[in-house]
Structures are given as structure tokens and as C-alpha cells.
1. Determine how large the accessible area of F389 is when every protein chain is in place; take a 1.4 Å probe and give Å² rounded to the nearest 10.
2. In the stretch 147-239, what GluC sites (Glu not before Pro) fall in a loop by DSSP, with at most 16 other Cβ atoms inside 10 Å?
3. Give the Cα extents of the stretch 1-62 along the principal axes, in whole Å, largest first.
4. Return the carbon/sulfur percentage of the accessible area of the stretch 240-283, one whole number, probe 1.4 Å, all protein chains in place.
5. What number comes out for accessible area per residue over the stretch 74-128 if the probe is 1.4 Å? Units Å², please.
6. Suppose we take every Cα in the stretch 182-328 and form the convex hull; what volume per residue is that in Å³?
7. Take the stretch 27-82, compute every pairwise Cα distance, and split them into 10 Å bins from 0; I just need the percent in each bin.
8. How long are the three semi-axes of the equivalent ellipsoid of the stretch 310-454, in whole Å, if each is the root of 5 times an eigenvalue of the C-alpha gyration tensor, listed from largest down?
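The values are calculated or read from the model by the stated rules, or taken from the named source; none is laboratory data. Quick caveat: nothing in here was measured; it's all calculated off a predicted structure. Positions of Cβ are backbone-derived with ideal geometry, glycine not excepted, and every protein chain shown enters the neighbour counts. Just the protein is used for accessible areas: all its heavy atoms, side chains included, with ligands, DNA and RNA removed. Shrake-Rupley method; radii C 1.70, N 1.55, O 1.52, S 1.80 Å.
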Amino acid sequence: MTLHPADPLFLSALAAQLPENTLSEADPRFLQEPRGRFTLPSGALARPRSVEEVSTIITACAKAHVGVVPFGGGTGLVGGQVAPTGPAPLILSLERMNAIRAVYASENVLVAEAGAILTDVQAAANEQDRLFPLSLASEGSARIGGNLSTNAGGLNVLRYGNTRDLCLGLEAVLPTGEIWHGLSRLRKDNTGYDLKNLLIGAEGTLGVITAASLKLFARPAASGTAVMVVKDPSAALSLLSLARDQIGESISAFELIHRQGLEFLSETLPDVRQPFQEMPEWMVLIDVGVSQGGDPAKALESLFMAGHAAGWVVDGLIAQNETQRAEFWSVREHIPEANKRIGSISSHDISIPLGEIADFITEGKDMVAQMGPFRVNCFGHLGDGNLHFNVFAPKGQSRDEYRHMRDEVQRGVHDLVKTYQGSFSAEHGIGRLKVNDLARYADPVKLSAMRAIKSALDPRGIMNPGAVLD
């Protein structure tokens, strides 16, 4: 169905139905995404204050066949928040809907509006001596509605799961403008189709999430962090299996780091203190959180001793205080920024079955080496199989010299991921950047079902047009 632009006539009619200053011209932060691949010269912006106002906006857009692009914190990396082609859409920001509506500490439930910044959700939980475990590099600006819409992952998926696993219920406005009041606090509700999990991860293509009931957890009584030098990714996987046997569900994070990432840090962010004087080829960052009476340092020491005896671990350090713990984590958290400063030819957010990761890394590096004298920085959340396999120009050369090879490199990596029965999008989503990849790699039956769902819920195609499905 043909979409119409959000032109002055439409905006004037819509403004008459809304409180003053709800509509405006969008400022630059709403017109581009962080990597600069998708931009708009200008656009109309709606900033509602309530779910009823969101309903009014969506109803009007549905009647006028005007596209709507939901905008969270703007931190997404696949262009889901910017529509550079087609009739000018209405940009919908929920930044004014940022309240923590309620905290039910005894139930381990928090209800937040979609515009709440992730760090504010974490702080509200902390005030009740509870933990909301979703943790991302962009948590100071990412909003919980965007986290849900993209099913964000982050650092603690190994223990707590993706954002989908942290949600009990939603309030949302469907493409008709109808409000779905689904803010359940129930852990069990087996009453038909799960609309909540349909909207989570849909990237705003099936409706607008306006609020969510979120799971909270007991805060660990004590936490510990260690960095351990491992012989290779295979040894890291063996150590992960051993850690699960010895430490169990207390493992919060198990991150794989390659020497290339450490070299990038040394080159671009020399003030980031690295744990070892001599950079290891491979190391892992392990974080544990234990209940009352547990001793995280003792658990990590036992793991190191067993890993060393098995020949998997070469060296290691256990954080002796919070300052050192923060320094260890600072290394991992600054690697993406170092990558950005170096400038990749092609970046890949992939997931591979755990048992295949070591072989994939070896084969992937060999394949890239056959394409050119490239550097590969492979790092990521080993505990849940999510790797960031990023390809860079040779030292001393610019990525611009190899920009023409981006598609070839990306196709090669993603084709290899497919042969390993992995995913080309582990935690960033599809957005507009990976629409063609979805069409190429997704199961045809899945794609057909997705299109049927989209047509049923959004027959006019107004919700985030061009995202996920072309």
C-alpha cells in the first residue's frame, strides 16, 4: 500500500489533536544513526507524553497512510531508527515517557515507561536493593523501549538472558492505534499467542512499545573478576565448560579478547591500563557474582588452578579490589571505541554454536587472509556464542583504500557463518542495514511467516517502513 509523507497539511491536522509542543521539526540527533550510514536532511518529530497520545498519533498515521519511525536512544547500529528513503515519515520519540511507574521489590518486578534510560532503570532497581542485569556500552543513553524492540543482549546474557528474558509484560500501541494493556507481572500466563514476544525484537515494525514490566533479581552479595591468558579459543571454551561445572550459575560474564584488540587499545587509547605487561594472544575476562557466604576470589582461584593444570590457562590475575576490577572491565568496554577509531572495513555481529567457535575463528581468519592482508579483531561474549568478528585494513593503511571490498568481505564472513549454522545478527538486529542479509540467509518458511504477521498486524505498512522486511 502506498505511503504518504508527513506533510504540513497532515501535521497541522494532527497537532490539533495533541497538546501544544508535541510536534516539532526534528533536531539533528534524530536524523542520523551512530555510524552515519543512514541520514535524513530533515523530518517531523512527535514527542508524546502518554500512551493515549501515542494512540492518537498512530491512529492518525494509519488513516492518512503516513509512516512512523519509532526512535529510542538512537544508539542502534543497523539503521533501524532512520528511514532515508521513501515518503517522509513521522519520527516518534518516547523520551518524554520516561517514568518508573512502580517497583514491586517483593515480587522482583519493575514497571518502566519505554523512554526510561537504561541506567535509570538500573538505579531504580538498586534503590530497592535489587538488580536489573541488562548492561550495555550505551546504557547511559539507550532507552528501555529500544532495548526491548531490538532484544538487546549485552554483557550478562550468559547468566540472565537477553532483554526478552527480562520482560514479563508490555503496554503497546498497535498499528491500528489500539492500546494493548499487557503489563502483566505474572511469571506464568499460558493464554494463547504470546504477543509480548512478538513485539520484542520486532524493531518497531509491529507496533510501539510504551511501557514494560521487567524482572529484577537479588543483588550478588559479592562479586569477583579475573583475566586469564588462554592458549587459544579452544582452550577458552574448555575453561568455560569447567567454569560452569565449578561455579555454576554464578558466572555473569565470560568474554573472549584477542591481542589485536589490545593493540588497537594501545594505539588509540593508551591511557586504558592493560592487565599484562606483555600482550597475550588470547585472554578471557570472567565475572562472577555469588550469594551470601560465597567467596568469588576463591572460586576464581580454584578455576585458575584447574585450568592451568589442564594446560588451558597460561597466566592470570584476580582483581584484588573494586579499582582493579574496574580496570579489567575498562579494557573490554573500550575495545569497541578503539575499533571505531581505527575504522573497520567490515564489522560482523555473529553467533556460532559453542562447539564450533574455535574452528570458525580459524577458518574465518584463513578466509579473510586469502582476500587481502587484513587484520581481524575477534572478541565478544564467548559464554553465549556471540562474537564480533571485525576486519581492518593493514597497519599504516586506511580503510578507505579497501572500502570497495566491504561487500565481498561481509558476504564471505556471513556465508561462512551460515555453513556453521550460526546467525549473522546476534544482538544488533536487522534494521535497514541487514534487510538483504535476512532475505538471503533466513529460512524461506520463516520469511513467509514474518511477512504474513506483518501484513496481518500492519496491513498499511506504516510501522517503521523499510526496517527488517523490505
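1. For F389, solvent-accessible area is about 0 Å².
2. Numbers: sites: E171, E178, E203; in loops: E178, E203.
Taking the stretch 147-239 and a limit of 16 other Cβ atoms within 10 Å, the loop GluC sites (Glu not before Pro) found are E178.
3. Principal extents (largest minus smallest coordinate, Cα): 35, 29, 19 Å.
4. Working: 780 of 2100 Å².
Roughly 37 percent, rounded to a whole number.
5. Numbers: 1980 Å² over 55 residues.
Accessible area per residue, the stretch 74-128: 36 Å².
6. Working: hull volume 28.1 nm³, N = 147.
For the stretch 182-328, the hull spanned by Cα atoms encloses 191 Å³ per residue.
7. Histogramming the stretch 27-82 at 10 Å steps yields 22, 47, 29, 2 percent.
8. Value: 29, 21, 16 Å, ordered largest first.
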